[in-house]
Structures are given as C-alpha cells and as structure tokens.
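The block underneath contains the structure these notes are about, expressed in structure tokens.
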C-alpha cells in the first residue's frame, strides 16, 4: 500500500515539474518567481479549495471540539514533529538543539501522556523546528525558483525536492494501521488550518496583492528559518528622504 | 574590605548617593538601552490591553486608538513609508507623500490592532542584543510566548539622540518576515502600473474594504 501512495506523490511532483517546464518561458516581474503565471493559477486553485472545504472544516473543528482537546491534539502533533526536527538538527550538526529536541520528545512522551501535554515547554526546553528543506539550506543549497504546490501551497524548488524526504521522515507515516494514519493526517491538517484562521484573514487584509505578499513572506521566512532567526539582510535601508 | 563603604562620612555618602541617582536618571533619559526601550513599550501596551475588557474583547476601533497613542509615537513612520515605496518616493509631491503615509498607516495600524486582539496571557521575552550592531540600524529580537509556539517579533531601531526615548522603530519583523521588504513589492507593482496615485487609490480601496468587514 505504502509504495502505491509513494508512487502517487512522486507522480504528482513529476506532473508539477512538467507543468512548470511548460511555463518556464512566461515572462515574470520577479527573478525569484520565473513560473509566476503557473504559480498564480495554482495559488487561486488552492485558495478556492481552502474557501469551500478546508477553512469551513477548520471552523467547525474550532466550534465543535473543546479548547482543551484541541490543545492536547496540537501538543500531540507537535511532539511527533519534534522527532523529525531532532533528526534534522542532527543533520545540521546542531548538537544542542538535537539533544534538546530529544529531551522534549522523551519528557512529553513519558510524562506528557504520549505528547498530549507539553511539559517540556513548561520546563523551558524550547522547540527548534527543522525540516529537510532547512537542512539543505544549511548546507548551502539555494532556494531556487518559487513554486506553489497544488494543495500543499508555497514552496521553492529546494523545498519541493526536500518534500518527499520530509514525507518519508514524517512520524505519522510510521503508524502501521492505514486508518490511523489517514485520521492523523486529517487531524493535523485541521489543527494547522485552525491555528491559521486569523493569520490568513490578516494576510488578505494587509496586502494589495495576496499572491505576491504570501510569496515574499514565504521566501523571507524560509531564509529566516535556515539562519535560525537572524538571516543576513541585503535590503537597502539607507534613507530615501536624504538628498 | 567588607563593609568599607560604611566608613565614608555621612555627608559624603549622601553626596555619593545623590550623584549616583542623578547620573542613573540622566543615563536613563538620554541613553535607554535599545532592548530596555523595546521591553518597556511592549509591556506598557500589553498591560493596558490585559487591564481593559473592551480591548481584550477585540474592539478594533479602540485597539486602533491604543496603537495610535501608545505605539505610533515611537515609530518613524515617514521612514517606513518612504522605504516601502522605494525610489519613487523622491518623485512624489509632499501632498502625495502625506496621503501615502496616512493610508499606509491606517492599513498597518488595523493589521497590528487585529494581532493585538488575540492577546490573552502572552508575555514578551526580549532576547539579548546581538553584538556588533550599529546605532543607525539595530535589531532587537523578541519572542511572544503564550499558547502554542512562540511568535518571533523583531524591531529595527535607529538612535535619535536627545529626542523622545532616544530610539525610534522603523521596521517590524513578524515570524521572520520584515514588513518594509514585503511591502516594497506590493507598492512597486502598483507604482509600475499607474504611479503614486494608483498606489494611493489601491490603499484607499483596501482600507475601505477592511473597514466594512470589521
């Protein structure tokens, strides 16, 4: 079963690349986004799917499930995520972060009832989120062109290449029972979207063109994450008012 | 040598104390450390929200008033707007510059107020200042901690010796995204399509839609 699904994912990615190839000649205003016209179409598609299906589901989730249950599920998902962060911290030779993630997972799994309680954070063990795209970035792989993936949203060529590895490393994939796996993936999607309800509205309110706003924010954020919060800035802050 | 300061005659001790107090006050007024400045203004704002029912309930108009009163005096908004606009700023007339600032301010204050409406039990942790930064362009990293993952919130400051608190904010970073850099693309796109007036018109339209929806 698992190989069938993997083939499906790789097939999807291959399709995306083919589609992107076809669009490579379209002129774009931004050098980081040579496939803009294609990306915009996928962005609009994703936005439509979100508006009719994912956002309403997340709203139902927030309204129906009590807050303490949602917090428990959020912590549970976060604990599973910390395992992959630990692996990627190790791949980036960030020894202390890897050890801290290991301690987070141990404490939360054992004392936090399998991760439902986030005791590690109370103990001031901070979460260090890392994925394989960040690991590639750490080792000097440039992000490459911006890519919007169907359903998964903003990405770059580098992060798209890393995506199957993150998918493989996802702890949820290690559950044997397919029904459990699917439920967990669905729950995680709801949890993720529920926590972004306000953010997505804010982005739409704050921007003149939501597509490029999201793109620029994604590219900045990934650079920020690769440099653990302090990326080198090449933005020219010199005073424009000065004569 | 322990307790040696007790041997200083009373009048000299008083003088010393007075001098010390005077000098710390002077240092505080003239040279508040940047991370202290950021900590003070964020805590002042958060404390007001936590103490006020209407603000905690997310009353956007009242929150906008609060941001206007408590945050904007510490922001060099002209610099923010000019940097977001880019080179086209120099070609804009003073009237256009003023309208652009006014509309951009409404947009940002509303967004910021929307974020503040989510405040419940958060605390702001100001991180130690990174060494080797210049006074003209200095970043203070903070983290908002509450439910869920901490939120990265950084401030870019410039020193204004002898004016106000000695520092003003001219850029803000939310979750790793610097606002000015992100708005540069937004603004440039409008300016390329129809000049400064087109940009002002889109900001006006966006603000009107936002006001209707809230």
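Here, each number is a calculation from the coordinates, and none is a lab measurement. Here the structure is a predicted model, which means the values were calculated and not measured. Cβ placement follows ideal geometry from the backbone for every residue including glycine, while neighbour counts extend to all protein chains displayed.
For the reader, a short list of remarks on this structure follows.
- Entry note, segment A:86-161: relative contact order of 23 percent, from Cα contacts under 8 Å with a spacing of 6+ residues.
- Averaging 1/r over each pair of different alpha-carbon atoms in chain B and inverting the result gives 19.7 Å, the Kirkwood hydrodynamic radius.
- Averaged over A:223-230, number of beta-carbon atoms from partner chains that fall within 10 Å: 3
- Per residue of peptide B:180-191, the mean number of Cβ atoms on other chains within 10 Å of the residue Cβ is 5.
- Between helix A:197-206 and chain A there is an angle of about 20 degrees, using the helix long axis and the longest principal axis of the Cα atoms.
- Cα-Cα pairs of segment B:49-114 separated by more than 15 Å (percent): 56 percent
- Distance distribution P(r), segment B:87-172, all Cα-Cα pairs, bin width 5 angstrom from 0: 3, 11, 14, 17, 19, 18, 11, 6, 2, 0 percent.
- Across segment A:85-169, the volume of the C-alpha convex hull divided among the residues equals 107 Å³ per residue.
- With both labels modelled 7 Å from their Cα along Cα-to-Cβ, the residue B:211 to residue B:90 distance reads 3.4 nm.
- For chain A, the relative contact order comes to 20 percent (Cα pairs under 8 Å, sequence separation of at least 6).
- For residue B:61 and residue A:29, the FRET efficiency from 1/(1 + (r/R0)^6), where r spans their Cβ atoms and R0 equals 41 Å, is about 0.65.
- Per residue, the convex hull spanned by the alpha carbons of segment A:69-215 comes to 133 Å³.
- Looking at chain B alone, DSSP beta bridges between its own residues are antiparallel in about 95 percent of cases.
- With contributions of -39500 (n - 2.57) from each DSSP H run of at least four residues, the per-residue ellipticity at 222 nm computed over the protein assembly as shown stands at -20000 deg cm²/dmol.
- Residues A:234, B:135, A:216, arranged from fewest to most other Cβ atoms within 10 angstrom of their Cβ, appear as A:234, B:135, A:216.
- Rg/Rh for segment B:135-207 (Cα atoms only, Rh after Kirkwood) is 1.11.
- Only Cα pairs under 8 Å and 6+ residues apart enter the sum, and on that basis the relative contact order of chain B stands at 22 percent.
- Three principal axis extents of segment B:78-117 based on alpha-carbon atoms, in descending order, are 37, 17, 11 Å.
- Simple label model, 7 Å out from Cα along Cβ direction - residue A:123 to residue A:185, nm: 3.3 nm
- Counting neighbouring beta carbons within 10 Å and listing from fewest to most, the residues A:228, A:159 come out as A:228, A:159.
- Acute angle (nearest 10 degrees) that the helix A:210-226 long axis makes with the longest principal axis of chain A, alpha-carbon atoms: 60 degrees
- 0 to 90° range, to nearest 10: angle between helix A:36-49 axis and chain A longest Cα axis: 40 degrees
- The rule of thumb for compact globular proteins, 2.2 N^0.38 Å, goes into the C-alpha radius of gyration of the protein assembly as shown 1.10 times.
- Inter-probe distance in nm under a simple model that places probes 7 Å from Cα toward Cβ, at residue B:175 and residue B:147: 1.7 nm
- For segment B:66-115 versus segment A:112-187, the spacing of their alpha-carbon centroids is 37 Å.
- Average partner coverage of A:207-218, which counts Cβ from other chains inside 10 Å: 5
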